[in-house]
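Peer 1: One structure, as structure tokens, below. Some questions next.
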Amino acid sequence: MSLVNIPRLDLLQYTEGNSEQQQQFVQDIGKAFNETGFVTIANHGLSQLLIDELYQVVKEFFELPEAVKRKYEYPELAGQRGYTSKGKEKAKDANTPDLKEFWQRGQTIVGEDYSKADFPDNIIVEELPRFNAVTAEVYKRLEDAGRNLLKAIASYLDLEETYFEKFVINGNSILRAIHYFPIENPDNISPDAVRAGAHEDINLITLLIGASADGLEVLTKDGSWFPIKAKGEDIVVNVGDMLQRLTNNKLKSTTHRVVNPPRELMQTSRYSVPFFLHPKASMSLASLDSCISEEHPKKYQDYTAGQYLDERLREIGLKM
């Protein structure tokens with residue numbers, strides 16, 4: 001198995017450090033995103049108390065009766081708000097749906113006019129008031145952390161530090177709470193059924209709050225799978241396809257998956273809460289001129305973020 005550079009970085013080094021510390025952070029995150037597309041981040045703004053309560057309310061939601069959860073499922077929203085039941089989402093090019101169910105919370109627009117078609121209201125769970133409050137708080141804190149990380153990324157790319165701000169403030173970001181449900185009868189599932197098939201994320205960057213169990217793996221350059229383990233209080237951050245397109249592959253959107261647990265643990269649940277930081281639909285993903293050269297010719301046609309998201313939602317089965 002190859003060695004993988006997944007450094008543990010301290011976000012306070014960038015947000016509160018001196019210029020030398022900030023520059024070191026910029027170079028460290030740029031190097032990791034150039035090589036593997038993954039880092040772990042400490043001091044991201046979420047307390048352990050908040051993380052613990054998040055996982056508690058997420059568990060409580062998924063333990064609700066199936067009929068209660070289903071009343072919060074709106075297929076016309078393509079999984080972008082509320083509940084998405086088992087068997088709906090699959091990895092791009094996969095034949096078998098992932099072994100999961102999930103909940104999504106989206107942006108609450110502040111200070112701008114917007115269309116409900118683009119930003120539907122978030123779905124409120126009547127039975128669990130703390131679920132609504134805690135997921136709203138986590139969304140805001142991860143969005144703030146993500147904006148700071150994008151400032152560091154912009155600096156690494158020799159852009160203005162605030163380059164991404166106009167695209168991600170009131171952007172199309174999503175907080176997803178995932179339940180990888182117990183596999184009661186392992187012999188009865190499809191041989192290729194896994195908790196999350198090998199995939200790349202769609203967005204700019206993903207911020208993942210730990211997980212309740214192991215299983216996340218990243219594909220290395222030599223084609224082997226490397227397990228990602230973060231300290232309980234850290235978050236894992238990875239590059240998404242939108243940032244890869246924008247940088248013409250300078251920053252890597254790395255393939256990753258969530259494997260099934262050992263047979264003796266298959267009847268247990270796994271919970272995971274990623275935050276997918278998306279820009280506004282109007283943002284151009286045309287590759288930056290600074291990332292195109294004779295050695296690195298332009299690889300992608302010009303898309304907007306909205307066009308790309310729409311295409312990918314259809315490919316993974318959430319949109320018809």
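Peer 1: Which trypsin sites (Lys or Arg not before Pro) in segment 220-320 sit in a loop by DSSP (not H, G, I, E or B) and have at most 15 other Cβ atoms within 10 Å of their own Cβ?
Peer 2: Those that pass, being in a loop and sparsely packed, are Lys221, Lys229, Lys231, Lys298, Lys299.
Peer 1: Okay, next question. Which one of Leu142, Ile153, Phe61 has its Cα pushed farthest toward the positive end of the charge dipole of segment 12-164, where Lys and Arg give +1 and Asp and Glu give -1 at the Cβ?
Peer 2: Result: Phe61.
Peer 1: Hey, another quick one. About the Cα centre of segment 13-96, what is the dipole size in debye to 20, counting +1 per Lys and Arg Cβ and -1 per Asp and Glu Cβ, all else neutral?
Peer 2: Taking the Cα centre of segment 13-96 as origin, the dipole is about 520 debye.
Peer 1: Still on this model: Starting from the Kirkwood radius over alpha-carbon pairs of the chain, derive D by Stokes-Einstein at 25 °C in a medium of 0.890 mPa s and give it in µm² s⁻¹.
Peer 2: 122
Peer 1: Angle check, please: helix 19-35 long axis (alpha carbons) against the longest principal axis of the chain (alpha carbons), in degrees 0 to 90, nearest 10.
Peer 2: Helix 19-35 sits roughly 60 degrees off the main axis of the chain.
Peer 1: Give me the dipole magnitude in Debye, nearest 20, for the chain about the Cα centre, with unit charges on the beta carbon: positive for Lys and Arg, negative for Asp and Glu.
Peer 2: 480
Peer 1: Of Gly111, Tyr303, Ile316, whose Cα points farthest to the positive end of the dipole of the chain (charges on the beta-carbon: +1 Lys, Arg; -1 Asp, Glu; origin at the Cα centre)?
Peer 2: Ile316
Peer 1: How large is ³J(HN,Hα) for each residue in segment 41-46, as worked out from phi by the Karplus curve 6.51 cos²θ - 1.76 cosθ + 1.60 (θ = phi - 60°), to whole Hz, x for Gly and Pro?
Peer 2: Values, residue by residue: 10, 9, 6, 9, x, 10 Hz.
Peer 1: Taking segment 208-310, how much of its Cα-Cα pair set, in percent, is spaced more than 24 angstrom apart?
Peer 2: Value for segment 208-310: 40 percent of Cα pairs lie more than 24 Å apart.
Peer 1: If you don't mind, another one. From the phi of every residue in segment 282-287, what ³J(HN,Hα) in whole Hz does the Karplus formula 6.51 cos²θ - 1.76 cosθ + 1.60 yield, where θ is phi - 60° and glycine or proline is x?
Peer 2: Listing the rounded values in order: 7, 4, 6, 9, 4, 4 Hz.
Peer 1: Oh, and also: Among Ala133, Leu46, Asn122, whose Cα lies farthest out toward the positive end of the dipole of segment 28-138, if unit charges sit on the beta carbon of Lys, Arg (+1) and Asp, Glu (-1)?
Peer 2: Farthest towards the positive end: Asn122.
Peer 1: Here is a follow-up. Where does segment 1-135 land on Rg(C-alpha)/(2.2 N^0.38 Å)?
Peer 2: Output field value: 1.37.
Peer 1: Which pairs break 30 Å Cα to Cα here: Lys231/Lys252; Lys86/Lys298; Lys231/Lys299; Lys69/Lys252; Lys221/Lys299; Lys69/Lys319?
Peer 2: Lys86/Lys298; Lys231/Lys299; Lys69/Lys252
Peer 1: Explain nothing, just the number: dipole magnitude of segment 97-154 about its Cα centre with +1 on each Lys and Arg Cβ and -1 on each Asp and Glu Cβ, in debye rounded to the nearest 20.
Peer 2: Value, rounded to 20: 300 debye.
Peer 1: Then there is this: So which aspartates and glutamates can Lys166 reach, going by Cα to Cα under 16 Å and dropping same-chain residues fewer than 8 places off?
Peer 2: Glu112, Asp113, Glu143, Asp144
Peer 1: Let's test the formula: R0 of 25 Å, r as the Cβ-Cβ distance of Leu159 and Asn95. What FRET efficiency results, to the nearest 0.05?
Peer 2: Taking R0 as 25 Å, the efficiency between Leu159 and Asn95 is 0.05.
Every read-out reported here was derived from the displayed coordinates using simple, explicitly stated rules and does not represent laboratory data. Everything numeric in this text was worked out from a predicted model, so none of it was measured. No Cβ is skipped: glycine too gets one built from the backbone with ideal geometry, and neighbour counts run over all protein chains shown.
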